[in-house]
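The values are calculated or read from the model by the stated rules, or taken from the named source; none is laboratory data. Treat the numbers as computed from the prediction; the structure is a model and nothing was measured. Here the Cβ positions follow ideal geometry from the backbone for every residue, glycine too, while neighbour counts run over all protein chains shown. To get the accessible areas, we keep the full protein, side chains included, count just its heavy atoms, and leave off ligands, DNA and RNA. Shrake-Rupley method; radii C 1.70, N 1.55, O 1.52, S 1.80 Å.
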Amino acid sequence: MTGKVGLVTGGASGIGRAAVLAFAREGARLLVADVDHGGAEQTAQEARALGADAASVGLDVREEAEVERAVGVATQAFGRLDFALNSAGIQGPLREAAEYAEHDWQQVLAVNLTGVWLCTKHEIRAMLRTGGGSIVNVASNFGLVGGVGMAAYSASKHGVIGLTKTAAVEYADRGVRVNALCPGATETPLVGKIVDADPVAGPEIISQITAALPMGRMGRPEEIASAALWLCSPGASFMTGAALSVDGGFVAR
Ligand SMILES: NC(=O)c1ccc[n+]([C@@H]2O[C@H](COP(=O)([O-])OP(=O)(O)OC[C@H]3O[C@@H](n4cnc5c(N)ncnc54)[C@H](O)[C@@H]3O)[C@@H](O)[C@H]2O)c1
C-alpha cells in the first residue's frame, strides 16, 4: 500500500480508526473524515506518528456537497484516490419493527445507506479519473441476517450490500472494485451506544449477541481493520462484489 491514497469515513473511532492506523503502518497516504472532526484529526495525528502522510476533514456523509468536497480534498492533497473505506455509521435505537419511529428510521437510513451511496458515488468518479481503485463499504453481519430491534439498521446494511454488488458489476471492467465488509459484534464505542440508548433492553441484547457468537467473544477493531486492509490492497485484485464476513462465525451457525 506504499504511497497509495485512501479516504476513510468514520475514521475518528472504532473500526475506521483502527483501519487508518493499519493503512498508515503499510505506508498509505490518508484523509481521515468524520462528522467528529476533532476525533478525525486525532486519528490523523496518530497516523502521522506512525510515519504516514495523513490529514483530516470534517464530513457529514448525509450531505452530498460535503462528500464531494472531502473527495476533492483527498485528490487535491494527494493527487489521486486509490482506495476508500466507508465506515461511518450509526446504530440507532433498538426497537421492534412495529415500534420504530419514522424519524429514527430516516436517520439510520440517511447515514448508513444514503451516506455510503454518496461516498461510493464520488469515490468512483475520482477513481475513474486515474484508472481505478478499491472501495470497501462497511456493512454488518446484520446486512446478511436480521436481528431483534434492528429493523432500520439491518435494512440499511442489507441495502449497503445491494449497492455494493451493483456498483461492483457496473464498474468491474473499468478498474474499480467495490466490496462489502460484514463485521460481527466488535468492541467499539458503537456497542456502548446501544447500552446508552436503552439501559434496560440494551445490555440484554448485547449479551444475547455475544452468546450467539461461536467464538464466544466480540471482535477487536484491529481484526476488522486487517480484512479491510486486504480488501483495499492489490492482494484482493480479483475480488469485487463480495460481502465478506468477519464475525467470529456468527452468520455461519
Ligand atoms: N461495532 C460493531 O459491533 C459493528 C458490527 C458490524 C458493523 N459495524 C459497522 O462498522 C462501522 C463502524 O462502526 P464502529 O463500531 O467503528 O462505530 P463507532 O461509533 O466507533 O464509529 C463510527 C464513526 O462514524 C462517525 N459518524 C457517525 N455518523 C456520521 C456521519 N453522518 N458522517 C460522518 N461520520 C459519521 C462517528 O462520529 C464515529 O466516529 C459502522 O458502519 C457500523 O455499522 C459495527
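Descriptive notes on the structure:
- Members of region 19-70 that are more than 14 Å from Ala88 (Cα to Cα) and among the basic types (Lys, Arg): Arg25, Arg29, Arg48, Arg69
- Residue in region 150-163 that is open to solvent by 20 Å² or more (accessible area, probe 1.4 Å) and basic (Lys, Arg) present: no
- Cβ separations smaller than 7 Å between residues 6+ apart or across chains give the following pairs from region 182-208 residues that are closer than 17 Å to Val148 by Cβ and touching a residue at least 60 places away in the same chain (Cβ under 8 Å) to residues that are of a type in the set (Ser, Thr, Tyr) and more than 6 Å from the ligand (Cβ to nearest atom): Ala185/Thr210.
- Considering Leu81, Leu85, Leu94, the condition of being open to solvent by less than 50 Å² (accessible area, probe 1.4 Å), in contact (Cβ under 8 Å) with a residue 24 or more places away in the chain and more than 28 Å from Trp230 (Cα to Cα) is satisfied by Leu94 alone.
- Just one of the numbered conditions (1) more than 16 Å from the ligand (Cβ to nearest atom); (2) closer than 27 Å to Thr2 by Cα; (3) aliphatic (A, V, I, L, M) is not true of Ala101: (2).
- Residue count for region 23-42, restricted to those that are crowded, with 23+ Cβ neighbours inside 10 Å and more than 9 Å from the ligand (Cβ to nearest atom): 7
- Residue in region 109-131 that is out of contact with any Asp or Glu (no Cβ under 9 Å at 6 or more places or on another chain) and more than 23 Å from Tyr171 (Cβ to Cβ) present: yes
- Residues that are more than 14 Å from the ligand (Cβ to nearest atom), within 26 Å of Asp198 (Cβ to Cβ) and either among the polar types (S, T, N, Q) or modelled with pLDDT of 95 or more (or both), drawn from region 147-182: Ala151
- All positions within region 104-149 that are charged (D, E, K, R) and open to solvent by 10 Å² or more (accessible area, probe 1.4 Å): Asp104, Lys121, Arg125, Arg129
- Residue list for region 74-109, filter: among the acidic types (Asp, Glu) and in contact with a Cys (Cβ under 9 Å, 6 or more places away or on another chain): Asp82
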